[in-house]
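Heads up, the thing below is written out as C-alpha coordinates.
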Amino acid sequence: MTKNRIQILKEKMLSQPRYVSIEQALIITKTYKQHENEPIILKRAYALVNALRELEIGIENEELIVGNRTKGVRYGVVFPESGISWVDREFETIPTRKQDKFLVRDEDIKIFREQIVPYWKGKSLEDVIKQNFGQEISVINKVVKINQTDHAQGHICPNVEKWLQKGVSGLLEDAQNHYENADEDKKNFYQAIIIVMKAVQDFMLRYHDLLIATAKTDEKNRASLIKVADICKNISQRPPQTFHEAVQATWFLFVILHMESNASSFSPGRLDKILYPYYIKDIENNILTKDEALEIIECVRLSMM
(Lines give C-alpha, C1' and ligand atoms only; values in the text may rest on other atoms or scores of the structure.)
Protein backbone atom coordinates (compact mmCIF):
# COMPACT_ATOMS: atom_id res chain seq x y z
CA MET A 1 0.00 0.00 0.00
CA THR A 2 1.31 3.44 -0.89
CA LYS A 3 2.02 5.58 2.15
CA ASN A 4 0.06 8.82 2.35
CA ARG A 5 1.51 12.24 3.05
CA ILE A 6 0.80 12.16 6.79
CA GLN A 7 2.35 8.71 7.29
CA ILE A 8 5.52 9.85 5.51
CA LEU A 9 5.79 13.05 7.54
CA LYS A 10 5.15 11.26 10.84
CA GLU A 11 7.78 8.64 10.13
CA LYS A 12 10.30 11.30 9.14
CA MET A 13 9.57 13.31 12.28
CA LEU A 14 9.94 10.34 14.63
CA SER A 15 13.03 8.93 12.94
CA GLN A 16 15.13 12.10 12.74
CA PRO A 17 17.72 12.62 15.50
CA ARG A 18 17.13 15.44 17.99
CA TYR A 19 20.01 17.81 18.67
CA VAL A 20 20.61 20.76 20.94
CA SER A 21 20.84 23.87 18.75
CA ILE A 22 22.95 26.91 19.67
CA GLU A 23 22.31 28.70 16.38
CA GLN A 24 19.81 31.21 17.77
CA ALA A 25 21.93 31.66 20.92
CA LEU A 26 24.81 32.83 18.74
CA ILE A 27 22.52 35.21 16.84
CA ILE A 28 21.11 36.67 20.07
CA THR A 29 24.57 37.10 21.56
CA LYS A 30 25.91 38.79 18.43
CA THR A 31 22.89 41.11 18.33
CA TYR A 32 23.19 42.17 21.96
CA LYS A 33 26.87 42.97 21.45
CA GLN A 34 25.99 45.14 18.46
CA HIS A 35 23.24 47.02 20.35
CA GLU A 36 24.73 47.31 23.85
CA ASN A 37 23.41 50.84 24.40
CA GLU A 38 19.92 50.35 22.95
CA PRO A 39 16.78 50.06 25.17
CA ILE A 40 15.98 46.45 26.07
CA ILE A 41 12.79 46.45 23.98
CA LEU A 42 14.85 47.23 20.87
CA LYS A 43 17.57 44.74 21.77
CA ARG A 44 14.94 42.02 21.95
CA ALA A 45 13.38 43.19 18.70
CA TYR A 46 16.71 43.20 16.85
CA ALA A 47 17.52 39.74 18.23
CA LEU A 48 14.24 38.38 16.86
CA VAL A 49 14.70 40.22 13.56
CA ASN A 50 18.14 38.69 13.06
CA ALA A 51 16.87 35.23 13.97
CA LEU A 52 14.03 35.52 11.44
CA ARG A 53 16.45 36.56 8.72
CA GLU A 54 19.48 34.42 9.53
CA LEU A 55 18.40 31.11 11.06
CA GLU A 56 18.86 28.20 8.69
CA ILE A 57 15.47 26.95 7.52
CA GLY A 58 14.34 23.64 6.09
CA ILE A 59 11.27 21.84 4.86
CA GLU A 60 10.07 18.33 4.27
CA ASN A 61 8.93 18.00 0.66
CA GLU A 62 5.57 16.51 1.66
CA GLU A 63 4.65 19.34 4.07
CA LEU A 64 1.52 21.40 3.54
CA ILE A 65 2.33 23.60 6.55
CA VAL A 66 5.91 24.87 6.82
CA GLY A 67 7.97 26.70 9.42
CA ASN A 68 10.20 25.81 12.34
CA ARG A 69 12.65 27.37 14.80
CA THR A 70 15.48 25.18 13.52
CA LYS A 71 16.26 23.30 10.34
CA GLY A 72 16.05 20.07 12.34
CA VAL A 73 12.53 18.89 13.08
CA ARG A 74 12.54 18.66 16.88
CA TYR A 75 15.73 20.32 18.05
CA GLY A 76 16.13 21.84 21.51
CA VAL A 77 17.03 25.55 21.45
CA VAL A 78 19.44 27.28 23.84
CA PHE A 79 18.14 30.76 24.69
CA PRO A 80 20.81 32.70 26.61
CA GLU A 81 18.92 35.88 27.49
CA SER A 82 16.73 34.01 29.98
CA GLY A 83 19.42 31.85 31.55
CA ILE A 84 22.14 29.34 30.70
CA SER A 85 23.52 28.11 34.02
CA TRP A 86 21.85 24.70 33.86
CA VAL A 87 22.94 24.19 30.25
CA ASP A 88 26.50 25.04 31.25
CA ARG A 89 26.32 22.47 34.06
CA GLU A 90 24.60 19.71 32.12
CA PHE A 91 25.51 20.12 28.44
CA GLU A 92 27.57 16.91 28.26
CA THR A 93 24.90 14.81 30.02
CA ILE A 94 21.85 15.90 27.99
CA PRO A 95 22.20 12.87 25.67
CA THR A 96 22.20 10.43 28.60
CA ARG A 97 19.70 11.92 31.03
CA LYS A 98 16.60 9.88 31.88
CA GLN A 99 14.07 11.88 29.90
CA ASP A 100 13.84 14.40 27.06
CA LYS A 101 17.24 13.47 25.66
CA PHE A 102 18.99 15.44 22.93
CA LEU A 103 22.20 14.74 21.07
CA VAL A 104 24.94 17.35 21.37
CA ARG A 105 27.84 18.19 19.09
CA ASP A 106 31.26 18.62 20.68
CA GLU A 107 31.92 21.72 18.60
CA ASP A 108 28.68 23.30 19.88
CA ILE A 109 29.74 22.74 23.49
CA LYS A 110 33.06 24.42 22.74
CA ILE A 111 31.44 27.42 21.00
CA PHE A 112 28.86 27.70 23.77
CA ARG A 113 31.51 27.85 26.49
CA GLU A 114 33.89 30.14 24.60
CA GLN A 115 31.51 32.60 22.92
CA ILE A 116 28.14 32.52 24.65
CA VAL A 117 28.71 31.87 28.36
CA PRO A 118 31.35 34.62 28.90
CA TYR A 119 29.07 37.32 27.47
CA TRP A 120 25.94 36.34 29.39
CA LYS A 121 27.41 35.74 32.85
CA GLY A 122 25.75 38.29 35.10
CA LYS A 123 23.50 39.61 32.30
CA SER A 124 20.80 36.97 31.84
CA LEU A 125 17.34 37.27 33.38
CA GLU A 126 18.24 34.41 35.70
CA ASP A 127 21.31 36.33 36.92
CA VAL A 128 19.38 39.58 37.39
CA ILE A 129 16.73 37.80 39.46
CA LYS A 130 19.44 36.19 41.58
CA GLN A 131 21.19 39.54 42.10
CA ASN A 132 17.98 41.33 43.11
CA PHE A 133 16.11 38.62 44.98
CA GLY A 134 18.67 35.90 45.68
CA GLN A 135 18.50 36.21 49.45
CA GLU A 136 14.71 36.06 49.56
CA ILE A 137 14.67 33.09 47.18
CA SER A 138 17.19 31.24 49.35
CA VAL A 139 15.02 31.77 52.42
CA ILE A 140 11.93 30.24 50.80
CA ASN A 141 13.82 27.63 48.77
CA LYS A 142 12.56 24.71 50.87
CA VAL A 143 8.92 25.40 50.02
CA VAL A 144 9.10 27.34 46.73
CA LYS A 145 10.87 26.33 43.52
CA ILE A 146 11.93 28.92 40.94
CA ASN A 147 12.11 26.94 37.71
CA GLN A 148 11.98 27.43 33.95
CA THR A 149 14.97 29.72 34.19
CA ASP A 150 15.92 29.22 30.55
CA HIS A 151 12.72 30.45 28.95
CA ALA A 152 9.67 32.64 29.43
CA GLN A 153 6.61 31.25 31.09
CA GLY A 154 4.20 31.24 28.16
CA HIS A 155 0.81 29.80 29.14
CA ILE A 156 -1.13 32.32 27.07
CA CYS A 157 -3.59 32.32 24.18
CA PRO A 158 -2.36 34.88 21.64
CA ASN A 159 -4.91 36.89 19.68
CA VAL A 160 -5.01 34.59 16.66
CA GLU A 161 -8.17 36.24 15.32
CA LYS A 162 -6.51 39.66 15.12
CA TRP A 163 -3.39 38.11 13.56
CA LEU A 164 -5.54 36.58 10.81
CA GLN A 165 -7.85 39.54 10.32
CA LYS A 166 -5.07 42.12 10.06
CA GLY A 167 -2.32 40.01 8.58
CA VAL A 168 1.34 40.92 8.98
CA SER A 169 0.93 43.79 6.54
CA GLY A 170 -2.01 45.22 8.49
CA LEU A 171 -0.20 45.03 11.82
CA LEU A 172 2.80 46.71 10.23
CA GLU A 173 0.65 49.51 8.85
CA ASP A 174 -1.05 50.01 12.24
CA ALA A 175 2.33 50.26 13.99
CA GLN A 176 3.63 52.75 11.41
CA ASN A 177 0.53 54.93 11.89
CA HIS A 178 0.81 54.80 15.69
CA TYR A 179 4.53 55.58 15.54
CA GLU A 180 3.96 58.85 13.72
CA ASN A 181 1.68 60.14 16.49
CA ALA A 182 3.23 58.43 19.52
CA ASP A 183 4.77 60.10 22.53
CA GLU A 184 8.53 59.69 22.77
CA ASP A 185 8.23 57.02 25.47
CA LYS A 186 6.03 54.90 23.16
CA LYS A 187 8.06 55.26 19.98
CA ASN A 188 10.46 52.44 20.90
CA PHE A 189 7.48 50.09 21.29
CA TYR A 190 6.10 50.86 17.85
CA GLN A 191 9.57 50.85 16.29
CA ALA A 192 10.07 47.35 17.69
CA ILE A 193 6.81 46.19 16.11
CA ILE A 194 7.70 47.76 12.76
CA ILE A 195 11.12 46.13 12.45
CA VAL A 196 9.81 42.76 13.64
CA MET A 197 6.83 42.73 11.26
CA LYS A 198 9.12 43.52 8.32
CA ALA A 199 11.35 40.62 9.36
CA VAL A 200 8.29 38.35 9.68
CA GLN A 201 7.47 39.16 6.05
CA ASP A 202 11.03 38.26 5.11
CA PHE A 203 10.78 35.01 7.11
CA MET A 204 7.68 33.96 5.17
CA LEU A 205 9.31 34.88 1.86
CA ARG A 206 12.39 32.83 2.75
CA TYR A 207 10.12 29.79 2.91
CA HIS A 208 8.55 30.81 -0.39
CA ASP A 209 11.97 30.86 -2.02
CA LEU A 210 13.02 27.54 -0.50
CA LEU A 211 9.77 25.85 -1.58
CA ILE A 212 10.13 27.12 -5.15
CA ALA A 213 13.74 25.94 -5.31
CA THR A 214 12.75 22.53 -3.96
CA ALA A 215 9.88 22.21 -6.44
CA LYS A 216 12.35 22.39 -9.33
CA THR A 217 13.87 19.04 -8.34
CA ASP A 218 10.84 17.19 -6.94
CA GLU A 219 8.35 16.28 -9.63
CA LYS A 220 6.21 14.17 -7.29
CA ASN A 221 5.49 16.99 -4.82
CA ARG A 222 5.93 19.92 -7.23
CA ALA A 223 2.30 21.03 -7.26
CA SER A 224 1.90 21.11 -3.48
CA LEU A 225 5.32 22.76 -2.99
CA ILE A 226 4.39 25.56 -5.38
CA LYS A 227 0.97 25.94 -3.74
CA VAL A 228 2.48 26.30 -0.27
CA ALA A 229 5.08 28.71 -1.68
CA ASP A 230 2.29 30.89 -3.09
CA ILE A 231 0.54 30.79 0.29
CA CYS A 232 3.69 31.98 2.08
CA LYS A 233 4.05 34.85 -0.37
CA ASN A 234 0.37 35.78 -0.13
CA ILE A 235 0.24 35.97 3.66
CA SER A 236 3.44 38.01 3.76
CA GLN A 237 1.61 40.71 1.79
CA ARG A 238 -2.03 40.53 2.92
CA PRO A 239 -4.35 38.81 5.44
CA PRO A 240 -5.09 35.13 4.73
CA GLN A 241 -8.17 34.52 2.59
CA THR A 242 -8.43 30.73 2.39
CA PHE A 243 -8.48 27.94 4.97
CA HIS A 244 -5.02 26.76 3.97
CA GLU A 245 -3.64 30.30 4.18
CA ALA A 246 -5.23 30.82 7.61
CA VAL A 247 -3.75 27.60 9.02
CA GLN A 248 -0.31 28.42 7.62
CA ALA A 249 -0.46 31.96 9.01
CA THR A 250 -1.51 30.60 12.40
CA TRP A 251 1.42 28.21 12.48
CA PHE A 252 3.87 30.96 11.53
CA LEU A 253 2.54 32.99 14.48
CA PHE A 254 3.37 30.20 16.93
CA VAL A 255 6.81 29.57 15.45
CA ILE A 256 7.64 33.27 15.82
CA LEU A 257 6.27 33.47 19.37
CA HIS A 258 8.53 30.60 20.40
CA MET A 259 11.49 32.22 18.66
CA GLU A 260 10.86 35.49 20.50
CA SER A 261 11.19 34.19 24.06
CA ASN A 262 11.65 30.40 24.00
CA ALA A 263 8.43 30.23 25.99
CA SER A 264 6.42 27.06 26.45
CA SER A 265 2.72 26.27 26.50
CA PHE A 266 1.30 28.73 24.01
CA SER A 267 -2.28 27.68 23.31
CA PRO A 268 -4.03 28.06 19.94
CA GLY A 269 -7.30 28.55 21.80
CA ARG A 270 -10.56 27.99 19.91
CA LEU A 271 -9.04 27.29 16.52
CA ASP A 272 -12.19 25.44 15.51
CA LYS A 273 -14.20 28.65 15.94
CA ILE A 274 -11.48 30.90 14.52
CA LEU A 275 -10.82 28.84 11.39
CA TYR A 276 -14.42 27.81 10.66
CA PRO A 277 -15.30 30.88 8.53
CA TYR A 278 -12.33 30.17 6.24
CA TYR A 279 -13.24 26.48 6.09
CA ILE A 280 -16.92 26.90 5.29
CA LYS A 281 -16.24 29.61 2.71
CA ASP A 282 -13.81 27.33 0.85
CA ILE A 283 -16.18 24.36 1.07
CA GLU A 284 -19.09 26.39 -0.29
CA ASN A 285 -16.92 27.77 -3.11
CA ASN A 286 -15.69 24.27 -4.01
CA ILE A 287 -12.02 25.13 -3.56
CA LEU A 288 -11.56 22.77 -0.60
CA THR A 289 -12.80 19.29 0.25
CA LYS A 290 -13.26 17.85 3.73
CA ASP A 291 -10.43 15.39 3.11
CA GLU A 292 -8.09 18.20 2.04
CA ALA A 293 -9.02 20.21 5.14
CA LEU A 294 -8.31 17.18 7.34
CA GLU A 295 -4.91 16.69 5.72
CA ILE A 296 -3.98 20.32 6.37
CA ILE A 297 -5.07 19.99 10.02
CA GLU A 298 -3.09 16.76 10.38
CA CYS A 299 0.00 18.52 9.00
CA VAL A 300 -0.22 21.37 11.49
CA ARG A 301 -0.88 18.88 14.28
CA LEU A 302 2.38 17.11 13.44
CA SER A 303 4.14 20.48 13.55
CA MET A 304 2.81 21.06 17.04
CA MET A 305 4.13 17.78 18.41
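The values are calculated or read from the model by the stated rules, or taken from the named source; none is laboratory data. What you see is a predicted model, and the numbers here were worked out from it, not measured in a lab. Methodologically, a virtual Cβ is constructed for each residue, glycine included, from the backbone with ideal geometry; neighbour enumeration extends over all protein chains shown. These area figures cover heavy atoms from the full protein model, side chains too; ligands, DNA and RNA do not enter into them. Shrake-Rupley method; radii C 1.70, N 1.55, O 1.52, S 1.80 Å.
Structure values in brief
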read-out	value
Pairwise label distance in nanometres, LEU103 with ALA223, each label 7 Å out on the Cα-Cβ vector	3.6 nm
Cα-based convex hull volume of the range 55-163 per residue, rounded to whole Å³	184 Å³
Cα centroid separation - the range 17-33 against the range 179-235, whole Å	21 Å
Accessible-area value, MET197, 1.4 Å probe, nucleic acids and ligands omitted, Å²	30 Å²
For the chain, accessible area per residue (1.4 Å probe, heavy atoms of protein chains only), Å²	55 Å²
Apportionment of accessible area to carbon and sulfur, the chain, percent (1.4 Å)	51 percent
Highest-MSF residue in the chain out of ILE27, ILE256, ILE137 [GNM, Cα springs under 10 Å]	ILE137
Calculated percent of Cα pairs over 25 Å apart (choose from (1) 47; (2) 55; (3) 65), label	(2)
Point-to-point label distance, LYS121-ASN286, nm (Cα→Cβ direction, 7 Å offset)	7.0 nm
Rounded accessible area of CYS299 (nearest 10 Å², 1.4 Å probe)	10 Å²
Solvent-accessible ranking of ILE111, ILE84, largest area first, probe 1.4 Å	ILE111, ILE84
Protein-only accessible surface order, largest first, of HIS258, HIS244, HIS155 at 1.4 Å	HIS155, HIS258, HIS244
Convex hull projection area averaged over all views, the range 90-248, Cα basis, nm²	15.8 nm²
Estimated 222 nm signal from helices in the chain, with DSSP H stretches of n ≥ 4 weighted -39500 (n - 2.57), rounded to 500	-20000 deg cm²/dmol
Cα-based Rg and Dmax for the range 47-89, where Dmax is the largest Cα-Cα distance (Å)	13.2, 39
Under 23 Å from the Cα of LYS186 - lysines, other chains or at least 8 residues apart	LYS43, LYS162, LYS166, LYS198
Cross-link reach list, lysines versus LYS101, counting only Cα pairs under 20 Å and skipping chain neighbours closer than eight places	LYS10, LYS12, LYS71, LYS110
Acute angle (nearest 10 degrees) that the helix 5-15 long axis makes with the longest principal axis of the chain, alpha-carbon atoms	20 degrees
Distant-in-sequence amide H partners of VAL77 (H built 1.01 Å from N, under 5 Å)	SER21
Relative contact order (%) - criterion: Cα under 8 Å, at least six apart; region: the range 1-67	38 percent
Distance (nanometres) between label positions extended 7 Å along Cα→Cβ at ILE41 and ASN177	2.0 nm
